[in-house]
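One structure below.
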Amino acid sequence: MKKRKKPTFSIAMKIVLAVVVAFTIFKPISLQIQIRDLQQQSEALDEAIAQKKVVNEDLKESLEEGVTDESIAKIARDVLGYASPGERVFIDSSEQ
(Lines give C-alpha, C1' and ligand atoms only; values in the text may rest on other atoms or scores of the structure.)
Protein backbone atom coordinates (compact mmCIF):
# COMPACT_ATOMS: atom_id res chain seq x y z
CA MET A 1 0.00 0.00 0.00
CA LYS A 2 1.27 3.40 -0.94
CA LYS A 3 1.67 6.03 1.70
CA ARG A 4 -0.08 9.24 1.01
CA LYS A 5 2.04 12.34 1.15
CA LYS A 6 0.85 15.09 3.42
CA PRO A 7 0.36 18.29 1.52
CA THR A 8 3.14 20.69 2.37
CA PHE A 9 2.97 24.42 2.00
CA SER A 10 5.74 26.09 0.15
CA ILE A 11 7.49 29.09 1.66
CA ALA A 12 5.77 31.42 -0.80
CA MET A 13 2.37 30.09 0.23
CA LYS A 14 3.22 30.60 3.90
CA ILE A 15 4.27 34.19 3.22
CA VAL A 16 1.08 34.90 1.30
CA LEU A 17 -0.99 33.39 4.10
CA ALA A 18 0.86 35.47 6.72
CA VAL A 19 0.25 38.66 4.71
CA VAL A 20 -3.45 37.88 4.38
CA VAL A 21 -3.77 37.17 8.10
CA ALA A 22 -1.88 40.35 8.99
CA PHE A 23 -4.08 42.39 6.66
CA THR A 24 -7.29 40.98 8.12
CA ILE A 25 -6.09 41.81 11.63
CA PHE A 26 -4.68 45.32 11.10
CA LYS A 27 -7.16 46.76 8.59
CA PRO A 28 -10.14 46.82 10.99
CA ILE A 29 -7.95 48.41 13.65
CA SER A 30 -6.88 51.21 11.31
CA LEU A 31 -10.51 51.70 10.24
CA GLN A 32 -11.58 52.04 13.87
CA ILE A 33 -8.93 54.71 14.39
CA GLN A 34 -10.17 56.59 11.31
CA ILE A 35 -13.77 56.32 12.50
CA ARG A 36 -12.86 57.73 15.92
CA ASP A 37 -10.98 60.65 14.33
CA LEU A 38 -13.89 61.42 12.00
CA GLN A 39 -16.35 61.31 14.90
CA GLN A 40 -14.22 63.83 16.80
CA GLN A 41 -14.13 66.07 13.73
CA SER A 42 -17.89 65.74 13.38
CA GLU A 43 -18.44 66.72 17.01
CA ALA A 44 -16.16 69.74 16.61
CA LEU A 45 -18.03 70.81 13.48
CA ASP A 46 -21.40 70.35 15.21
CA GLU A 47 -20.20 72.62 18.01
CA ALA A 48 -18.98 75.22 15.51
CA ILE A 49 -22.35 75.09 13.73
CA ALA A 50 -24.17 75.66 17.02
CA GLN A 51 -21.98 78.68 17.76
CA LYS A 52 -22.56 80.10 14.28
CA LYS A 53 -26.32 79.67 14.71
CA VAL A 54 -26.19 81.72 17.91
CA VAL A 55 -24.22 84.44 16.11
CA ASN A 56 -26.71 84.37 13.22
CA GLU A 57 -29.64 84.76 15.62
CA ASP A 58 -27.94 87.74 17.25
CA LEU A 59 -27.34 89.32 13.85
CA LYS A 60 -30.95 88.71 12.81
CA GLU A 61 -32.18 90.39 15.98
CA SER A 62 -29.92 93.40 15.42
CA LEU A 63 -31.13 93.65 11.82
CA GLU A 64 -34.75 93.55 12.95
CA GLU A 65 -34.10 96.28 15.53
CA GLY A 66 -32.40 98.46 12.98
CA VAL A 67 -29.92 101.22 13.74
CA THR A 68 -30.84 102.97 16.97
CA ASP A 69 -29.04 105.58 19.02
CA GLU A 70 -28.48 102.95 21.70
CA SER A 71 -26.82 100.55 19.27
CA ILE A 72 -24.60 103.33 17.91
CA ALA A 73 -23.61 104.33 21.46
CA LYS A 74 -22.91 100.70 22.35
CA ILE A 75 -20.66 100.24 19.31
CA ALA A 76 -18.86 103.52 20.00
CA ARG A 77 -18.29 102.56 23.63
CA ASP A 78 -17.40 98.88 23.20
CA VAL A 79 -15.56 98.81 19.88
CA LEU A 80 -14.09 102.27 19.51
CA GLY A 81 -13.51 103.03 23.19
CA TYR A 82 -15.43 106.34 23.16
CA ALA A 83 -17.24 107.81 26.15
CA SER A 84 -20.12 110.23 26.53
CA PRO A 85 -19.32 113.82 27.55
CA GLY A 86 -18.79 114.00 31.30
CA GLU A 87 -18.68 110.21 31.62
CA ARG A 88 -15.85 108.61 33.56
CA VAL A 89 -14.56 105.29 32.30
CA PHE A 90 -12.90 103.00 34.80
CA ILE A 91 -10.71 100.20 33.54
CA ASP A 92 -10.26 97.17 35.73
CA SER A 93 -6.57 96.33 35.45
CA SER A 94 -6.97 92.94 37.11
CA GLU A 95 -8.72 91.57 33.99
CA GLN A 96 -5.72 92.18 31.76
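The values are calculated or read from the model by the stated rules, or taken from the named source; none is laboratory data. Source: prediction; values computed, not measured. FYI the Cβ positions are ideal-geometry reconstructions off the backbone, even for glycines, and counts take in every protein chain you see. Note: areas computed on protein heavy atoms with side chains; ligands, DNA, RNA excluded. Shrake-Rupley method; radii C 1.70, N 1.55, O 1.52, S 1.80 Å.
Across region 13-23, not a single residue is classified as under 23 Å from the mean Cα position of the chain (by Cα), assigned to a helix (DSSP H, G or I) and not aromatic (Phe, Trp, Tyr). Evaluation of Thr68 against the conditions (1) open to solvent by 90 Å² or more (accessible area, probe 1.4 Å); (2) at pLDDT below 85; (3) not hydrophobic (A, V, I, L, M, F, W, C) shows that the sole unmet condition is (1). Flag set for Glu43, criterion: modelled with pLDDT of 95 or more, part of a helix (DSSP H, G or I) and within 32 Å of the chain's Cα centre (by Cα). Inspection of region 53-60 finds no residue satisfying the criterion of being part of a helix (DSSP H, G or I) and in contact with a helix residue (DSSP H, G or I) (Cβ under 9 Å, 6 or more places away or on another chain).
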